[in-house]
């Protein structure tokens with residue numbers, strides 16, 4: 001009976017040692033996999049954080065440029081609105097504007113002719129040329 005008990009204890013010790021060895025290997029494998037996974041996730045987090053920072057910087061820069069361009073656009077629109085009454089809403093009809101423009105062109109051509117005659121003939125040739 002003692003030998004049976006001794007055999008049972010020896011078998012229990014053997015099974016326990018094998019189980020402990022297997023548990024140790026499983027634990028080592030788990031720790032290795034966990035360490036690798038943690039390192040990958042840490043690297044991914046660092047990369048994503050860097051990308052996020054770059055994207056936020058780019059967004060901030062683009063927002064600043066957009067704001068500047070928007071100010072320029074608004075200034076241009078305001079200038080157009082300020083000039084519209086002077087240039088478009090003059091109170092004259094189209095025919096009156098055309099006639100006025102043709103008179104101005106005629107006057108400018110006469111002035112050009114006078115200046116050419118002055119350059120060519122001097123002060124004495126002004127009366128004959130135009």
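Things worth noting here:
- Pairs meeting the criteria (first residue in region 103-119 and without any contact (Cβ under 8 Å) to a residue 60 or more places away in the chain, second residue in a helix (DSSP H, G or I), beta carbons under 7 Å, at least 6 apart or on different chains) are 113/129; 114/126; 117/125; 117/126; 117/129; 118/126.
- Residues being surrounded by fewer than 11 Cβ atoms within 10 Å (Cβ to Cβ) and either touching a strand residue (DSSP E or B) at 6+ places or on another chain (Cβ under 7 Å) or farther than 25 Å from residue 87 by Cα (or both) - total across region 98-119: 1
Rule-based calculations on the coordinates, nothing more; no lab input. What you see is a predicted model; the values in this text were computed from it and never measured. Using ideal geometry, Cβ is built from the backbone for each residue, glycine included, and neighbour counts are taken over all protein chains shown.
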